[in-house]
1. Report every pair of residues separated by at least 6 positions or lying on different chains whose Cβ atoms are under 6 Å apart, first residue within the stretch 248-259 and open to solvent by 10 Å² or more (accessible area, probe 1.4 Å), second not in a loop (DSSP other than H, G, I, E, B).
2. Every residue in the stretch 275-286 that is open to solvent by less than 50 Å² (accessible area, probe 1.4 Å) and assigned to a strand (DSSP E or B), please.
3. Can you name the residue in the stretch 536-555 that is modelled with pLDDT of 50 or more and open to solvent by 20 Å² or more (accessible area, probe 1.4 Å) and, of all such residues, is nearest to Leu477 (Cα to Cα)?
4. Is it fair to say Leu227 is surrounded by fewer than 17 Cβ atoms within 10 Å (Cβ to Cβ), touching a Gly at 6+ places or on another chain (Cβ under 9 Å) and not charged (D, E, K, R)?
5. Determine whether Arg160 is open to solvent by 10 Å² or more (accessible area, probe 1.4 Å), charged (D, E, K, R) and part of a loop (DSSP other than H, G, I, E, B).
6. Write out, first by first residue and then by second, each pair whose Cβ atoms fall under 8 Å of each other, whose residues are 6+ apart or on separate chains, and whose first residue, in the stretch 78-98, is more than 15 Å from Ile226 (Cβ to Cβ) and among the hydroxyl-bearing types (Ser, Thr, Tyr) while the second is part of a helix (DSSP H, G or I) and open to solvent by less than 20 Å² (accessible area, probe 1.4 Å).
7. Can you pull out every residue in the stretch 206-224 that is open to solvent by less than 10 Å² (accessible area, probe 1.4 Å) and aliphatic (A, V, I, L, M)?
8. Might you let me know whether the stretch 231-252 holds any residue that is of a type in the set (Val, Ile, Thr), over 22 Å from Ser153 (Cα atoms) and in contact with an Asp or Glu (Cβ under 7 Å, 6 or more places away or on another chain)?
Amino acid sequence: MSILYMPISYDQQLNAEQLAVVRGGDGPCLVLAGAGSGKTRTIVYRVAYLLEQGVLPQQILLLTFTNKAANAMLSRVEALLGLHPQGLWGGTYHSIANRILRRYATLLGHTSSFTILDEEDSGDLLKLCMKDVGVPQTKERFPQVRVLKSMISLSRNAQRPIQEVVEDRHPKFSRYAETIERIAATYADRKLAANSMDFDDLLCNFLRILEQPQAHQQLAQQFRYILVDEYQDTNRIQAAVVARLATAHGNVLVVGDDAQSIYSFRAADIGNILDFPKAFPGARTFRIETNYRSTPQILGVANAVIAHNERQFDKRLKPMARGGARPKLVQSNTAEDEARYIAMQVLALRADGVPLADIAVLFRATHLSQYLEMELVKRDIPYDYRGGIRFFERAHVKDTLAFLKVVTNPQDEAAWLRVLRMQQGIGDVGALTIIEQIRAQAAAASPSSDPSTLALALSSRLQNGWTNFLDMVQKMLGCTEPAAMIRAVAGGSYRDYLEAEYPNFQERLDDLDQLALFAEKYEQPQDFLAETSLTELFGVERVGVNESEQERIVLSTIHQSKGLEWHAVFVMGMTANAFPNRRAMVEDEGMEEERRLFYVAATRAKNVLTLTYSLSGGYDASYLAAPSPFIAEIPPEMLEPIGVSRIAPRMRWDDDRNSDEPVIVLDALGERSASKSSPRSGGFLRDVSEL
């Protein structure tokens, strides 16, 4: 019995590029869908078309990277057809793997009732494995659970030996590679014995099932049509799963954009999409290049940069929009001026009727947002932080501030508790023991800012941790200014702690570099600590304001912005030492992925794109930063250059000489006019809204 669906006017609802995919997507097909080109729309209509042509829902497999994407696509299919496609397989690789493994788990020694370990559960199990194997007892820190788990996960998803992963990502721990391999093997044994799997097992075991002849034949026969979203983000295991499932019918349609492949750190392999025609001989390639999002000027900038990549498919986004202004290139003297300029522009956009929620500020790394966060707080501009935690709420920033607090205020018990618990051999109980003795000695005499003068009665285990702590404090006591104290923390044993504790330790060290730059304008650590505490307080709690109802601009890493769009986008921190990332300069194909990141950032903007950078890294940093090399890859005529300078006395149209606003200059970069004439004829401006 055939199912009656609502008729769909494909010719009227799709452009020619999309229509070609929907009607001609049989066999192996690679669909190169550029940013803002209607990729999701094309997939949805392709699924609807297959169902309309009589393909049974259970014969269609739609693979996505998020449940939200899968649910949205299936809802749109239902809206198109007028009824729910009952039985259609749609979801993430992990959710589909879970369904398959429930059916075939016995082939791998599990039962169908296996449990899935969440992050906390898998961490707890890894701790047991570390005890089973035995961690070397040395002065050198051994990688902790989060770091171990990241190494094991990358090894499995990228199908690379653990030794290679350790040497590549954490060379400091290379001497422990054999121990880490034994821990990984023990972890696998324990999971099997417990009839449990972690998230990586779902993918790996899915592929193992497809290597079993009977299961492979049944599954490959079932799925006549396979559609894959965001194929450029697949890892080797996911690509292998798709290839195995497509062996019976060969109808595999993958949709993606190699220019937006930005997740190599998660084991995504751009080779999967670039080599698809080789993996599937006879595959046809479709290009969807009509962009419905951005103005021609914005697309021109994005196309200019990505054109410098060598390993890519040839394509060029074509805009449907008309008109628009050139993207701005804004040079500031300091990072503080850069932040102030962006905040002023946000206010100007809001005054012009642009909702705050339709404005985003994007950055390559989280540490670049610090000055902007403080500026937004000062100007009472609410913001939503994506892709991380607000700067002064980050654990490593709080750790560093705690070190400063115990030196400047020895009575701060909360700070003592925080710094002691991160020392080897000192746990919660040990930390409280030490704090009790510190409190007792402080009551008997005036508290000393030098903890080494304390006479504590400690066990050998606690004494070792206390000695390590004192080594750090002695370096700090040799400094008088807060910036130097922060650098002493970041350059001492705390660095070893970060590398052993966090997979992204280098990003955290970058945050501390930025914190030290910010601290350079303070002579006394007490003043610096007071400023950071107030910034944190008012950045989190808005007195009298309901945060859930408050409209906010978006601050986001570029990685987290993928798939989103805004009326106005600022890409800040466009310097050679920040974007591209320093690591990319030495990695194979690192620069190409950084260009793809810029491409993603630029194509998030619909109408307004602003690229900003500062000549120095901090408030008054002594070094000069070069502009990002990507700026040189953009033809000068595509950008509107604007200079921002700190010039005293401040000159505003109301002659308010005490203002702390930056001076906005309309001349070419580096050329500053001293005229105080009409804003229409150039010169100094009072407000960026006059631009």
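1. Listed pairs, sorted by first residue: Ala248/Ala220; Ala248/Gln221; Asn251/Tyr225.
2. Within the stretch 275-286, just Phe286 meets the criteria.
3. Start the filter on the stretch 536-555 by keeping residues that are modelled with pLDDT of 50 or more, which leaves 536, 550-555.
Filter again for open to solvent by 20 Å² or more (accessible area, probe 1.4 Å), leaving 536, 550-552.
Working: Glu536: 26, Gln550: 44, Glu551: 45, Arg552: 42 Å.
Checked the stretch 536-555; the qualifying residue nearest to Leu477 (Cα to Cα) is Glu536.
4. Taking the combined requirement at face value, the residue does not satisfy it.
5. For Arg160, the condition - open to solvent by 10 Å² or more (accessible area, probe 1.4 Å), charged (D, E, K, R) and part of a loop (DSSP other than H, G, I, E, B) - is met.
6. Pairs found: Ser95/Ala70.
7. Looking only at the stretch 206-224, we keep the residues that are open to solvent by less than 10 Å² (accessible area, probe 1.4 Å), and these are 206, 209-210, 215, 219-220, 223.
Listed by number, the residues that qualify are Ile209, Leu210, Ala215, Leu219, Ala220.
8. No, because not a single residue in the stretch 231-252 is of a type in the set (Val, Ile, Thr), over 22 Å from Ser153 (Cα atoms) and in contact with an Asp or Glu (Cβ under 7 Å, 6 or more places away or on another chain).
The values are calculated or read from the model by the stated rules, or taken from the named source; none is laboratory data. All values reported here derive from a predicted model rather than from experimental measurement. Here the Cβ is made from the backbone with ideal geometry for all residues, glycine too, and neighbour counts use every protein chain on show. Surface accessibility is based on the protein's heavy atoms, side chains included, excluding ligands, DNA and RNA. Shrake-Rupley method; radii C 1.70, N 1.55, O 1.52, S 1.80 Å.
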